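Student: Please read through the structure below; I'll follow up with questions.
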Amino acid sequence: MATNSRNEQTPPLWHRPGTKMTEEQYHELERLSPDRKYEYIDGIAYMMSGGSVAHDRIAYNARFALDMHFRSRPCTVFGADVQVFLALKKNGKPHFVYPDATVSCDVADSRAENTLIQSPRVVVEVLSPGTETKDRGTKFKAYQSQETIQEIVLISQFAQYVEVWQRNEEDPNNPKAWHYRHYGPGDIVHLVSLDLQIEVAAFYRGLVFDDEEE
């Protein structure tokens with residue numbers, strides 16, 4: 001069906017890949033494009049695209065495993081539709097992101113009318129070919145700059161491989177002082193800040209890889 005081009009909302013002229021914008025311009029972009037989601041990192045807006053079957057399934061499994069742990073506990077698990085605010089950097093720029101899964105233990109974040117998580121404790125990202133550079137680069141550094149985040153979890157969607165970075169409590173403000181651990185098939189992932197253990201296989205439940213078919 002044809003549409004009336006005069007009624008279509010077009011992105012602002014200042015929104016081009018890699019173009020810097022102010023926080024106000026970012027929120028205006030969100031307002032003009034309500035059917036799209038953008039992350040705002042280091043003054044640049046990144047439009048989020050659809051994912052693969054593996055990405056969707058792993059993200060769901062991660063949220064499910066975390067949520068089951070907190071059925072009778074004070075923390076809450078959120079999915080990729082909930083925006084997370086990361087504190088201002090030294091240059092004065094905030095960050096607005098959409099992790100695949102977020103755990104917050106702050107009651108304020110769990111209020112029904114809330115639309116912005118401000119005290120994330122653990123964030124989970126399922127790596128994709130188109131976003132892995134950002135997830136390991138600018139977005140990762142933004143996570144490290146958020147003082148409430150205690151652990152960052154990166155999950156591969158092509159093999160059973162999970163990476164965890166844990167903030168060093170003895171030197172919490174040093175971005176180089178994070179403890180790193182990685183897990184493979186048969187291992188159990190330990191999230192210290194949540195006192196939680198999850199089997200690596202649990203993240204990949206419901207998926208069949210090519211080598212398994214063979």
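Student: GLU132 fails exactly one of the following numbered conditions: (1) of a type in the set (Asp, Glu); (2) within 17 Å of ILE41 (Cβ to Cβ); (3) within 11 Å of the chain's Cα centre (by Cα). What is the number of that condition?
Tutor: It is condition (3) that GLU132 fails.
Student: Considering only strands (runs of 3 or more DSSP E) fully contained in the range 78-157, which possess at least 2 residues that are touching an Asp or Glu at 6+ places or on another chain (Cβ under 8 Å), open to solvent by less than 40 Å² (accessible area, probe 1.4 Å) and among the hydrophobic types (A, V, I, L, M, F, W, C)? Please lay out each step first, then the result.
Tutor: Details: elements: 83-86, 95-97, 101-104, 120-126, 151-155.
It comes to 95-97, 120-126, 151-155.
Student: Out of everything in the range 57-77 that is assigned to a helix (DSSP H, G or I) and of a type in the set (Gly, Ala, Ser), what residue ends up being most open to solvent (accessible area, probe 1.4 Å)?
Tutor: In this case the residue turns out to be ALA65.
Student: Now a separate question. Looking at the range 73-90, is at least one residue among the small types (Gly, Ala, Ser), over 23 Å from GLN166 (Cβ atoms) and modelled with pLDDT under 95?
Tutor: Just the residues of the range 73-90 that are among the small types (Gly, Ala, Ser), to begin with: 79-80, 87.
Right, trim to over 23 Å from GLN166 (Cβ atoms) and you get none.
Looking for residues that are among the small types (Gly, Ala, Ser), over 23 Å from GLN166 (Cβ atoms) and modelled with pLDDT under 95, one finds none in the range 73-90, hence no.
Student: Still on this structure, please answer the following. Please identify the pairs in which a residue from the range 34-56 that is under 18 Å from GLY79 (Cβ atoms) and in a strand (DSSP E or B) has its Cβ atom under 9 Å from the Cβ atom of a residue that is open to solvent by less than 30 Å² (accessible area, probe 1.4 Å) and of a type in the set (A, V, I, L, M), counting only partners at least 6 apart or on another chain.
Tutor: Final answer for the pair search is TYR38/LEU29; TYR38/ALA45; GLU39/ALA45; GLU39/VAL97.
The values are calculated or read from the model by the stated rules, or taken from the named source; none is laboratory data. Here the structure is a predicted model, which means the values were calculated and not measured. Counting neighbours? That spans all protein chains shown, and the Cβs are built from the backbone with ideal geometry, glycine included. Calculation scope for accessible area: heavy atoms of the full protein, side chains included, ligands and nucleic acids excluded. Shrake-Rupley method; radii C 1.70, N 1.55, O 1.52, S 1.80 Å.
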